[in-house]
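*Asks:* Quick one: the structure is below, and I'll ask about it shortly.
The values are calculated or read from the model by the stated rules, or taken from the named source; none is laboratory data. Computed from a predicted structure; not experimentally measured. FYI the Cβ positions are ideal-geometry reconstructions off the backbone, even for glycines, and counts take in every protein chain you see.
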Amino acid sequence: MEDGRTKLSEWQLVPFHLGAAIGPMGSNVFTVLFTILLGAFDIDRAVLTLAVPAYLIPYAIVQFASGAVSDLTSRRSSLFIGFGGYGAASLLAALSPNFPIFLVSQVLQGTTNAFTTPIVMATLGDVVPRERVGRSMGYFSAVNQAGAMVGPLVAGALGDLNWRLAYLVITAMSWSLAVWYALWFRRYGALVPPRVRGESIGASLRQIVGSLGVQVLLLASIAFLANGAMRGASYLYAEYLSDTWGSGTGQVGIILSMYGLAGLLGGPGAGRLVDRIGPYRGLTSGMVGVALAFLLMAVAPSPLVLAIAHFGVGLAGIIAWSAFNTLVVQAVPESRGTVSSITGSAKFIGQGSAPLWYTPLYGVSPASIFVGAAAMAVLVLAPLARLRTRAADQEHATVHEPAARSR
């Protein structure tokens, strides 16, 4: 299987890298369209904000099961459910005649999206050899952040014409990828390791649960804090720019796209950096950089400076996510899908629950949302330090166990 893995180039893995963009693209379309949707549905900010947890919380909850489903069945069927369903939910969003229907579409988008990004990442972990994981996660994380860039650009370009067009673009992309995966598995499916099943579904589930532990809980807490910091307040950026400088939809789209642009440009280099310095140092340096960039956003005197600082968040963030994703796919290889989905769930619970503290912060002082994001970024270092200590202890025990047995 390792020989087969080595034969696959990054070009042959392109559909899986592209699949990482769909989720961020869909959620970031909403952030740019926020003010337009207020008028389109004739509702206030508090009501429209319900669309954020409506999308992200089902996404997070369903992910607890989606990875296990792919571990127990197949990556192929899980990806088809994810991308086919996400396209259908996006079509419903585009056709929504009122806010209640739109809210239902967000719930369905979140539910089906649970079968996209984590399953794509687990599949990459299945077919990429260990020495290339950092580089591959760099590309994956770059395209994942690029979705956060493309979403605002698409919404900014189409929003003034008709906001529904942005969701139609997502529909077309999702269904195109579903077809591409079907063709990819037909040609390269033999290179994906078969799922190891127990005597029954119950036995398989017990085997998966037994492989998890404190290590996965620490990774989940890192995901919660990191995404809550980097993306938690993003739904308020358009309003902040409009209230502070009177920025229009087009300018807002460009500024918000800086996060994804930084990831797209920095991803390949970030992956190589993680392979060189290791995922622990990569994640530490990335989160410190994120915190500093958010502090610059808090004191930005102009939209230009805020855009530069947001680019900095994306550049430091791509290093952090490349390192984090490397840790995830290497943590428990036999339950890679489950670990990917659990950490992905925690990641988006962090973003989905973020309005609980960012919306009140914005009411007190709009710029304080950036200070809050910087504080969350720093908090990541606590579970990361514990995770690194556990890894060092396990490595020490592994090295000394043969010597102890020989005595």
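*Asks:* Does at least one position in segment 361-370 carry a residue that is at pLDDT 90 or above, surrounded by fewer than 16 Cβ atoms within 10 Å (Cβ to Cβ), among the β-branched types (V, I, T) and farther than 17 Å from V214 by Cβ?
*Replies:* yes
*Asks:* Scan segment 309-321 and tell me whether some residue there is at pLDDT 95 or above, assigned to a helix (DSSP H, G or I), surrounded by fewer than 24 Cβ atoms within 10 Å (Cβ to Cβ) and β-branched (V, I, T).
*Replies:* No, there is no match, as no residue in segment 309-321 is at pLDDT 95 or above, assigned to a helix (DSSP H, G or I), surrounded by fewer than 24 Cβ atoms within 10 Å (Cβ to Cβ) and β-branched (V, I, T).
*Asks:* Considering only segment 147-154, I want to know if a residue exists there that is in a helix (DSSP H, G or I) and within 18 Å of Y181 (Cα to Cα).
*Replies:* First, the residues of segment 147-154 that are in a helix (DSSP H, G or I): 147-154.
Cutting the leftovers down to within 18 Å of Y181 (Cα to Cα) gives us none.
Within segment 147-154 (the criterion being in a helix (DSSP H, G or I) and within 18 Å of Y181 (Cα to Cα)), the answer is no, since none of the residues qualifies.
*Asks:* Could you please find all residues in segment 330-370 being of a type outside the set (S, T, Y), within 20 Å of the chain's Cα centre (by Cα) and assigned to a loop (DSSP other than H, G, I, E, B)?
*Replies:* Across segment 330-370, the qualifying residues are V332, A354.
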